[in-house]
Amino acid sequence: MKCPYCRANSSRVVDTREMPTMDTIRRRRQCRECGRRFTTYERVEPISLMLVKRDGRREEYDRQKLESGIHLACTKRPISIETIQRIVDEIEAAIFSTASEEISSQAVGELVIEKLRQVDQVAYIRFASVYRSFADLEDIREELESLLGSET
């Protein structure tokens, strides 16, 4: 592993921990040249998965796109980066557990909506308004009423 500080190629592992999602390993490393410590994460390279879009197009699944969409919905909300990472990890686990090589973008969107609904209602409405293409305030009002109705 290349040191991010001095770019040397020699480091030693100081500590290894399995992350709660059980699919990521966190390693603390120390550079043998400069002595500084840094953290790396190991994740199993996912199997190639194709998303089937609403119009029938297919594109390769991209974790970064999923993560950025959730980040956008959570902007200026009291939601930690760790929580967002956990949501993405849980969605990925659900997607890859299907053992299929294709999944619809609608199925992924519904998973995101369900997770955000449990975490933060404002982030949920933000994501749902884009994902479900709300046409006007009436659509948003109906979604809010269903959200408020489910709480009672």
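The values are calculated or read from the model by the stated rules, or taken from the named source; none is laboratory data. All values reported here derive from a predicted model rather than from experimental measurement. Cβ: placed from backbone, ideal geometry, glycine included. Neighbour counts: every protein chain shown.
Quick look at the numbers
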{"read-out": "Options L66, L137, L116: the member that is over 30 Å from E45 (Cβ atoms) and either out of contact with any helix residue (DSSP H, G or I) (no Cβ under 9 Å at 6 or more places or on another chain) or not polar (S, T, N, Q) (or both)", "value": "L137"}
{"read-out": "Residues (within 30 Å of E101 (Cα to Cα) and in contact with a Cys (Cβ under 6 Å, 6 or more places away or on another chain)) located in the stretch 21-51", "value": "none"}
{"read-out": "Of all residues making up the stretch 119-146, the number that are surrounded by fewer than 11 Cβ atoms within 10 Å (Cβ to Cβ) and either of a type in the set (G, A, S) or at positive phi (or both)", "value": "3"}
{"read-out": "Selection status of C34, touching a strand residue (DSSP E or B) at 6+ places or on another chain (Cβ under 7 Å), over 22 Å from V122 (Cβ atoms) and outside the structural domain of E114 (by TED's automatic domain parsing)", "value": "no"}
{"read-out": "Per-region count, the stretch 88-106, residues over 13 Å from E60 (Cβ atoms) and touching a Lys or Arg at 6+ places or on another chain (Cβ under 9 Å)", "value": "6"}
{"read-out": "Residues within the stretch 26-41 that are under 25 Å from E82 (Cα atoms) and in contact with a Lys or Arg (Cβ under 7 Å, 6 or more places away or on another chain), tallied", "value": "9"}
{"read-out": "Enumeration of residues in the stretch 1-27 that are within 16 Å of E90 (Cα to Cα) and not assigned by TED's automatic domain parsing to the domain that holds T39", "value": "none"}
{"read-out": "Test: residue in the stretch 58-74 that is in contact (Cβ under 8 Å) with a residue 24 or more places away in the chain and within 30 Å of R7 (Cβ to Cβ)", "value": "yes"}
{"read-out": "1 or more residues of a type outside the set (S, T, N, Q) and either under 15 Å from the mean Cα position of the chain (by Cα) or surrounded by 14 or more Cβ atoms within 10 Å (Cβ to Cβ) (or both): qualifying strands (runs of 3 or more DSSP E) within the stretch 1-118", "value": "24-31, 37-43, 50-52, 102-104"}
